[in-house]
């Protein structure tokens, strides 16, 4: 997270804290002892909010911590599970990434766009695990669920290029960018595992 985004998230809370303190100051009666009490209460409140911001920013300091906490708090969050898997995979932890994607796949309803994107991502992760037949199955399942989703075709084309099948990858990429331009969409493969 950039410093601008962090600042944008924190500024409203500073204003909120100042508003609460000012409202308390207006409502409480005047006098020197109460002003000291107000100053102490304001200091304690600001320190508590500062500590809360500091601990929250520690979690947000890296992408893996952010998505791990998202998954812990919302275990059925499909987007959270998928983003956590992508973060794990980018760090070379492909088995953990696959497990997170498998969890997302189980909680996702059958035959929808999210399922297709998860299947395509599972294809990339299984390809990184050198399980090429399984990767091919995941890519075909993704394209059969949502043939019009360009991300499925893009990931498949990328994998095919890595396999040395550039022409086939180019065809898949064109199918994703211009659906129907090269003929019918890929057929459903019923032998692909869920």
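Descriptive notes on the structure:
- Among the residues of region 86-109, those that are in a loop (DSSP other than H, G, I, E, B) and at pLDDT 90 or above comprise 91, 92, 93.
- Among the candidates 112, 83, residue that is at pLDDT below 85 and in the same structural domain as residue 172 (by TED's automatic domain parsing): 112
- Residue count, region 58-86 (criterion: over 19 Å from residue 108 (Cβ atoms) and surrounded by 13 or more Cβ atoms within 10 Å (Cβ to Cβ)): 7
- Index of the failed condition, residue 41 passing every other in (1) surrounded by 14 or more Cβ atoms within 10 Å (Cβ to Cβ); (2) modelled with pLDDT of 85 or more: (2)
- Some residue of region 120-135 being assigned to a loop (DSSP other than H, G, I, E, B), closer than 25 Å to residue 71 by Cα, in the same structural domain as residue 83 (by TED's automatic domain parsing) and at pLDDT 85 or above: yes
- Filter pass, residue 155 being within 19 Å of residue 81 (Cα to Cα) and in contact with a helix residue (DSSP H, G or I) (Cβ under 6 Å, 6 or more places away or on another chain): yes
- Flag set for residue 164, criterion: at pLDDT 70 or above and exposed (fewer than 14 other Cβ atoms within 10 Å of the Cβ).
The values are calculated or read from the model by the stated rules, or taken from the named source; none is laboratory data. This structure is a prediction, so every number in the text was calculated from the model and none was measured. Neighbour counts are summed over all protein chains in view; Cβ atoms, including those assigned to glycine, are modelled from backbone coordinates with ideal geometry.
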